[in-house]
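Notes follow once the structure below has been shown.
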RNA sequence: GCGGGUAUAGCUUAAUGGUAAAGCGCCAGCCUUCCAAGCUGGCCACGCGGGUUCGAUUCCCGCUACCCGCUCCA
């Protein structure tokens, strides 16, 4: 990487431009003027994405005994989205503040008192201006000058750099209109007039069935996870697994993002890689193991243990996922954000965001949430189909408990319910009913959910790999060299194969032979045009880690070098002389 | 969705009220014994729609996309 911090906007523009030029990522539907918030992967992007997808799939299921794969459809019964809460949280009636454009739920606006003030517009010394009417509530007891200052600040914030300093914004045509005592038409914080109430649906609607009536409405899934929950029982019943175990899935998901931005980072169609890892409730662990392991810094997370509760499992998955990112070359750009109790959704016990440094800022790549039994319980209620599992070890262990020991567990849980920060405590009768099922060996599994975005991962890998250096030759002529320093494991093309010269048929024939040798084992690229240096440079831009060159020594010009080739490394420009018979093994050892 | 900006070849830029220039790249040929060499030739562009005008890439209006803010959080 270069030493100087590049301008982030220019840096992104270069990356977008390279992605298009080299066939990683194109704007969707470009010949028709594009299509907002969707992007297509070209030949190199498709390979890169496939490598990442396969690395994830291998790490999550093939390399493990306790995780199974699933490939569910994008279209599902819309009842799933009601049960999961998406229909409600993704489709509120929203009103938008005319001053700041902030949105509030229409049914959540509290009545306010104050004086309604109007301005005909605003302008700034920078030449910036707006000429639409601005209506703002001056709250009861607010001083007129602090009110004006506040309005200037809000306008300035919304206008961004164009308006210059907020204190230099001039408010035009101020006038008082009316005094209100209990109005729900103003934003609770900014005081800006709220626009019309309108539905704000983040899910993409579609019709399942050719008649396309309202009865046929369903949604393109906004996340892949719900299919895993909906198929939980089928997987459990057909796979001879025991809790703890996981189900993972890779697939497309869709959200009508308000503002798609930052290239592919926030897209309306995107690919998720999600794991739902089902675990016993802590109470079950305690009954079986006599204790629940507590997390402490430096605790051993290498091998799952029977006494792990949700906290240890959560830490374990953060650790596992970190190792995954290290393996694809992103280890040194990661950051972690542990959500505070205030950030967390009411059903979540903990959530860690794994963030990655992009030119446009440090943004989330993956979220790892401990979601309790929320999801399966919600589906159990909505579908009226039991999502419980039976755990024989639990039943046997519970049978050995004394009534006092059982009551102690119940009391401990009741106390925990009372201490909840968010959400209502579970009523005592429900807690007792739940324990009754538990003591018989029945429970709805809890879940740890590592959920990653594949497109974000691909963008992170590209942004991390992007490197530009200025090279000056002997004659003082300098040019900018662009290299994508992908980890060989994810690089779209693994190896370039080049005859040193094109007009020597022996070299070309030998090079085609080497190409044919490697091609069945890895994605290779044969190139005989232009000078050898240019061919290396082309592959550098594509991020190809190795180049193999066939020269006259390969043909035996120096007898001791017969059947050897030059392997050139992208990052160091180092060259190695390798026997053709050993070439495949040499490369495979480095991928 | 709101506010600000941008839109000329694959990429980066230029010029112009009379339909466009260059560099790089790409393709073909010649040449070339290891890091974007050279020569010759070639392909390729005014985002879309309307208006003003004899004539618009240029001026005006709409649309779309992208970038920067507000919101979203895989």
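The values are calculated or read from the model by the stated rules, or taken from the named source; none is laboratory data. Being a predicted model, the structure only gives us computed values, none of them experimental. Backbone-built Cβ (ideal geometry, glycine too); neighbour counts: all protein chains shown.
With respect to the conditions (1) touching a helix residue (DSSP H, G or I) at 6+ places or on another chain (Cβ under 9 Å); (2) modelled with pLDDT under 95, residue A:568 lacks only one, and its number is (2).
Scanning region A:536-545 for residues that are more than 8 Å from RNA strand B (Cβ to nearest atom) and out of contact with any helix residue (DSSP H, G or I) (no Cβ under 8 Å at 6 or more places or on another chain) returns A:539, A:544, A:545.
Selection of strands (runs of 3 or more DSSP E) fully inside region A:112-168 by the criterion of at least 3 residues being modelled with pLDDT of 80 or more and within 38 Å of the chain's Cα centre (by Cα) returns nothing. Each residue in region A:509-532 was checked for being at pLDDT below 95 and under 19 Å from residue A:21 (Cβ atoms), and 2 of them qualify.
Counting the residues of region A:37-78 that are more than 19 Å from the chain's Cα centre (by Cα) and on the phi > 0 side of the Ramachandran plot gives 0. Of the helices (runs of 4 or more DSSP H) lying entirely inside region A:211-313, those containing at least 2 residues that are within 24 Å of the chain's Cα centre (by Cα) span A:225-230. Each residue in region A:440-454 was checked for being away from RNA strand B (no atom under 16 Å from the Cβ) and crowded, with 19+ Cβ neighbours inside 10 Å, and 5 pass. Quick one: would you say residue A:550 is touching a residue at least 40 places away in the same chain (Cβ under 8 Å), farther than 17 Å from residue A:493 by Cα and touching a strand residue (DSSP E or B) at 6+ places or on another chain (Cβ under 9 Å)? Considered against the rule, which asks whether it is touching a residue at least 40 places away in the same chain (Cβ under 8 Å), farther than 17 Å from residue A:493 by Cα and touching a strand residue (DSSP E or B) at 6+ places or on another chain (Cβ under 9 Å), residue A:550 comes out as yes.
Please specify each residue of region A:435-452 satisfying the condition of being in contact with a helix residue (DSSP H, G or I) (Cβ under 8 Å, 6 or more places away or on another chain) and part of a helix (DSSP H, G or I). Matches in region A:435-452: A:435, A:438, A:439. Among the residues of region A:15-41, those that are in contact with a strand residue (DSSP E or B) (Cβ under 7 Å, 6 or more places away or on another chain) and surrounded by fewer than 18 Cβ atoms within 10 Å (Cβ to Cβ) comprise A:20, A:26, A:27, A:28, A:34, A:38, A:40. Restricting attention to region A:565-591, and to residues there that are more than 14 Å from RNA strand B (Cβ to nearest atom) and not in a loop (DSSP other than H, G, I, E, B), which single residue is nearest to the chain's Cα centre (by Cα)? Among residues in region A:565-591 that are more than 14 Å from RNA strand B (Cβ to nearest atom) and not in a loop (DSSP other than H, G, I, E, B), the one nearest to the chain's Cα centre (by Cα) is A:588.
Residues checked against (1) closer than 30 Å to residue A:290 by Cβ; (2) free of Cβ contacts under 8 Å to residues at least 60 places away in the same chain:
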| residue | (1), (2) |
| --- | --- |
| A:391 | yes, no |
| A:401 | yes, no |
| A:406 | yes, yes |
| A:431 | yes, yes |
| A:462 | no, no |
| A:471 | no, yes |
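Tell me which residues, restricted to region A:314-340, are touching a strand residue (DSSP E or B) at 6+ places or on another chain (Cβ under 7 Å), under 17 Å from residue A:372 (Cα atoms) and part of a helix (DSSP H, G or I). Scanning region A:314-340 gives A:314, A:317, A:318.
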